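Pasting a structure below so you can have a look.
Here, each number is a calculation from the coordinates, and none is a lab measurement. Just so you know, these numbers come straight off a predicted model, no measurement behind them. Reconstructed Cβ throughout: ideal geometry from the backbone, glycine too, with neighbour counts over all protein chains shown.
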Amino acid sequence: MKILNAKTGDLFMKLPQSVPILTAFTARVAGREMEQLLQSPTALARALADTQKVVGHDGVLCLFAPLLLASACISQQKEVIASPGADGSGLTRPDEILQTAPLASILESIQPLRHQLPDSAMIYATFTGPGLLYSQLQGAFESCGMTGGADSDYVLDVIRNLTRNALELKADGIALIEQLEPGIPSEVQRCHKTVRKLADFYDSGFLVFRLPGADAQRSDFSAHCTFDLASEENLNGPVFGKLEQLAESNASPFTTAGDVPAALPVEELRLLLRKGQSA
């Protein structure tokens, strides 16, 4: 399916048909814990490529893990919040996020993964959206009994840096894991428009995966396609995305309702994809 450049109206990018959430399944295919894979860009790229060969999906999420970005922002240690950093906030500086493990391994896996996938497969750099990141960081401060937290400018800088870096590394698009709760500042919500502008500039796709519990009234993410994930009790699917009006397609992209269980038989997963393709 094709999408249009918002500025010129030109058809420029195809969205993947199937973009299942396969984080746990990828670890199973690799025969290693995900924590081990995240220590090596090469190992992660190989695991994602091998999973694509087994499953046959054309949209690869690299990597659907809702907590990793917040962990990078607080250096993976809650204690760091109580020990202010260079900017006095206790948070990793936005310009250092890209070098923080394990996020750095994910970004560095994009280029080797590109060489291991078939030309028809698309890589979507996947990380926490601005609304969910803002809530996670606020929650981290509150759990430590600290006031304040990450301000809007910090979140915006982190998301912009990540988006630009991933697209310069030749990701085919950006996928945000999002959840908007009451009290999210309007400037944080507007960050989705910034991501969209960057995606359009790089002729890339922009997907949003809205987690269960998100405010259903806040549905404008400026994305080419938005997936409303169902209850975590239903990890099957398919879940079809909502395409923006500029998209030209006879069928919407689809995903799973959550992270596919590692123990799911391969044939059942393939059947799920066939159902989505034939719907």
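Which of the residues that make up region 248-279 are in contact (Cβ under 8 Å) with a residue 60 or more places away in the chain and part of a helix (DSSP H, G or I)?
V266, L269, R270, L272, L273, G276, Q277
If you check L103, L167, L180, which single one turns out to be without any contact (Cβ under 8 Å) to a residue 60 or more places away in the chain, of a type in the set (A, V, I, L, M), surrounded by fewer than 22 Cβ atoms within 10 Å (Cβ to Cβ) and in contact with a helix residue (DSSP H, G or I) (Cβ under 8 Å, 6 or more places away or on another chain)?
Exactly one residue qualifies, and that residue is L167.
How many residues, within region 14-62, are of a type outside the set (A, V, I, L, M), in contact with a Phe, Trp or Tyr (Cβ under 8 Å, 6 or more places away or on another chain) and either under 23 Å from A72 (Cβ atoms) or without any contact (Cβ under 8 Å) to a residue 40 or more places away in the chain (or both)?
3
Hey, another quick one. Checking T194 against (1) closer than 18 Å to E244 by Cβ; (2) of a type in the set (S, T, N, Q); (3) in contact (Cβ under 8 Å) with a residue 60 or more places away in the chain, which single condition isn't satisfied?
So the condition that T194 fails would be (3).
Next up: Taking I184 as the residue in question, decide whether it is assigned to a loop (DSSP other than H, G, I, E, B), of a type in the set (V, I, T) and farther than 17 Å from Q111 by Cα.
Considered against the rule, which asks whether it is assigned to a loop (DSSP other than H, G, I, E, B), of a type in the set (V, I, T) and farther than 17 Å from Q111 by Cα, I184 comes out as yes.
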